[in-house]
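One structure below.
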Amino acid sequence: MHRPHRALLAVLLLAALILAGCAGSSGGGDTPIASAGVLRVGTEGVYAPFSYHDAATGELVGYDVDVARAVGEKLGVRVEFVETPWDSMFAALEADRFDVVANEVTINPERQAKYDLSQPYSVGEGVIVTRADDTSITSTADLKGKVAAENATSNWSEVARKAGARVESVEGFTQAITLLSQGRVDVVINDSIAVYAYLAETKDASVKIAGTVGEKSEQGFAARKDSGLLPELNTALDQLRADGTLAQISQKYLNANASGAPAAAGQGADTAPQTRSAWQLVRENLWPLARAALTMTIPLTVISFALGLVIALAVALARLSSNVVASNVARFYISVIRGTPLLVQLFIVFFALPQFGVKIDPFPAAVIAFSLNVGGYAAEIIRSAIQSIPKGQWEAAQTIGLDYTGTLRRIILPQATRVAVPPLSNTLISLVKDTSLASTILVTELLRQAQIIAAPTFEFFALYGTAAVYYWVICLVLSFGQARIEHRLERYVAR
């Protein structure tokens, strides 16, 4: 009686395990992107025609942007774009700020060893661009001793170096081609796709394609190594290539089929964008630039400076303390802050800390880095201001029964403030300008907004000049405020 029951029970258990295994296999087969319901895409936003903001609508558009959106549609997920400077792109990818990079990432063995790279969605070749009147360069053999403008982390900079050129680092192709047009460099090596798109959009007759470098370039999505995203990405790209979507997007932005697939009949370029004068461009973007200053640059400055002063006061008092440990810790903090670049401090807070499980959003990360930086510099200003007050006033305060805290609050700090205001004001004004570095960690402040507007139009002088005027006005207001504060504090000066 018991054996049949046991046999039946064993059969039922085996069947349950098989069914559970099948269910688990089915659930575990959910692909990462589809399971997440969103594809986070890192892109520059200032790299026309691949990733830039439409001048009329302000919307993020471009060849790579549209390809990423099309992939999202094929996968049935929402696409979120995270605009990031190219030099910070892979650091942000490693810090899990987004899932993939869509920014004309060239597929090469070095990147394939470190990242997951999809199959290509654009195909071109390396070309040599020179000024139209320059006949001295026709191949890589002529590059020795020449000066090339290249993005420091691009594969084209390595091509230029191997050919013997001296490479001047720039942020992207638009800056490189501007330097070439201005005669500041001799050559630019880049992908033919970018060059053809630039020439088609700008009709720039001051530069020409002088030759090729003999290297085919294929661009695809980049993800973290072993991310598991490639099957979904490649399947979507196969479908987009087969149904002609990639070719259509390519024709729309590049006036050519750079997708690596035959173009469908009847496909052609859209109407060329309407050109606008520099003054019209500036006039149309006065408010977007002002909004960036009001919502990002100024709040970032005010919050960081206020927190930095609190840190500085605490560090200055610790520096003056008779406690050896507190004094040495304060010295070490000041030494580290003053001995390292602000840009490195920003990168540590935003890109390095996530590797230790501490992930901070862009604006708070910028506030933390700027506050710590201000604290290091302002601490020495406050310390020297406190030490400038005669010791007799400390002694006089003690004779009337004031303790250490009361002496500081009522006697010393009011007078020290008057001494510290001018150098602290200089620190504040420097901070206003330093906020432009926040663009490297995804904060769209004033300078970043100017870059976004200038990228598709190549009107760098007009937009950067306008941004400079905004910075100047902010600093003028702060200087006026400094003078008023100094006047009000005159009554605290001992006579």
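Return the sequence-ordered ³J(HN,Hα) values of the range 137-143 in whole Hz as given by the Karplus equation 6.51 cos²θ - 1.76 cosθ + 1.60 applied to θ = phi - 60°, using x for Gly and Pro.
Working through the residues one at a time gives 10, 10, 7, 5, 5, 8, 7 Hz.
Tell me, what HN-Hα J-couplings in whole Hz come from the Karplus equation 6.51 cos²θ - 1.76 cosθ + 1.60 at θ = phi - 60° for each residue of the range 317-323, using x for Gly and Pro?
Rounded to whole hertz, the list is 5, 5, 5, 8, 5, 7, 6.
With an 8 Å Cα cut-off and a minimum separation of 6 or more residues, compute the relative contact order for the chain in percent.
16 percent
Taking only DSSP H segments of four or more residues, each worth -39500 (n - 2.57), what value at 222 nm results for the chain once the sum is divided by all its residues, to the nearest 500 deg cm²/dmol?
One gets -17000 deg cm²/dmol as the mean residue ellipticity at 222 nm.
Suppose accessible area is computed on protein heavy atoms with a 1.4 Å probe; arrange K146, K162, K359 from highest to lowest.
K162, K359, K146
Using a Cα distance threshold of under 21 Å, what count of lysine pairs results for the chain when pairs must be 8 or more residues apart or interchain?
Lysine pairs meeting the criterion: 11.
What FRET efficiency comes out for A278 versus S321 if R0 is 41 angstrom and r is the Cβ-Cβ distance? Round to the nearest 0.05.
Given R0 = 41 Å and the Cβ-Cβ separation, E is 0.10.
Length gain on complete extension for the stretch I360 to I209, per 0.36 nm per residue less the alpha carbon to alpha carbon distance?
Length gained between I360 and I209: 49.9 nm.
Provide the percentage of antiparallel DSSP beta bridges, counting only those with both residues in the chain; round to the nearest 5.
60 percent
Would you mind computing, in nm to one decimal, how far apart the modelled labels at Q112 and Q398 are, each placed 7 Å from Cα along Cα→Cβ?
7.6 nm
Along each principal axis of its Cα atoms, how long is the chain end to end? Whole angstroms, biggest number first, please.
For the chain, the Cα spread along each principal axis is 98, 91, 43 Å.
Quickly work out the T340-to-Q119 label distance, labels modelled 7 Å from Cα along the C-beta direction, and quote it in nm with one decimal.
4.5 nm
Set Lys and Arg Cβ to +1 and Asp and Glu Cβ to -1, take the dipole of the chain about its Cα centre, and tell me which of A483, F363, Q112 lies farthest positive.
Sorting the options by dipole projection puts first A483.
Using a Förster distance of 45 Å, how high is the FRET efficiency between E59 and A483, based on the Cβ-Cβ distance and rounded to 0.05?
With R0 = 45 Å, the Cβ-Cβ based efficiency is 0.55.
Arranged from highest to lowest average of other beta-carbon atoms within 10 Å per residue, in what order do the peptides 388-395, 237-244 appear?
Averaged packing, sorted descending, gives the order 237-244, 388-395.
In what sequence, largest accessible area first, do K252, K144, K208 appear using a 1.4 Å probe?
Largest accessible area first, the residues go K144, K252, K208.
Mind listing the phi-derived Karplus ³J(HN,Hα) values for the range 306-314, rounded to whole Hz, using 6.51, -1.76 and 1.60 with θ = phi - 60°, and x for any glycine or proline?
Using θ = phi - 60°, the values come out as 4, 5, x, 5, 4, 4, 5, 4, 5 Hz.
The values are calculated or read from the model by the stated rules, or taken from the named source; none is laboratory data. This one's a predicted model, so the numbers in the text were calculated from it and none came from an experiment. A quick note on method: Cβ atoms are made from the backbone with ideal geometry, for glycine too, and the neighbour counts reach across all protein chains shown. When the accessible area is computed, the model is the full protein with side chains, heavy atoms only, and any ligands, DNA or RNA have been set aside. Shrake-Rupley method; radii C 1.70, N 1.55, O 1.52, S 1.80 Å.
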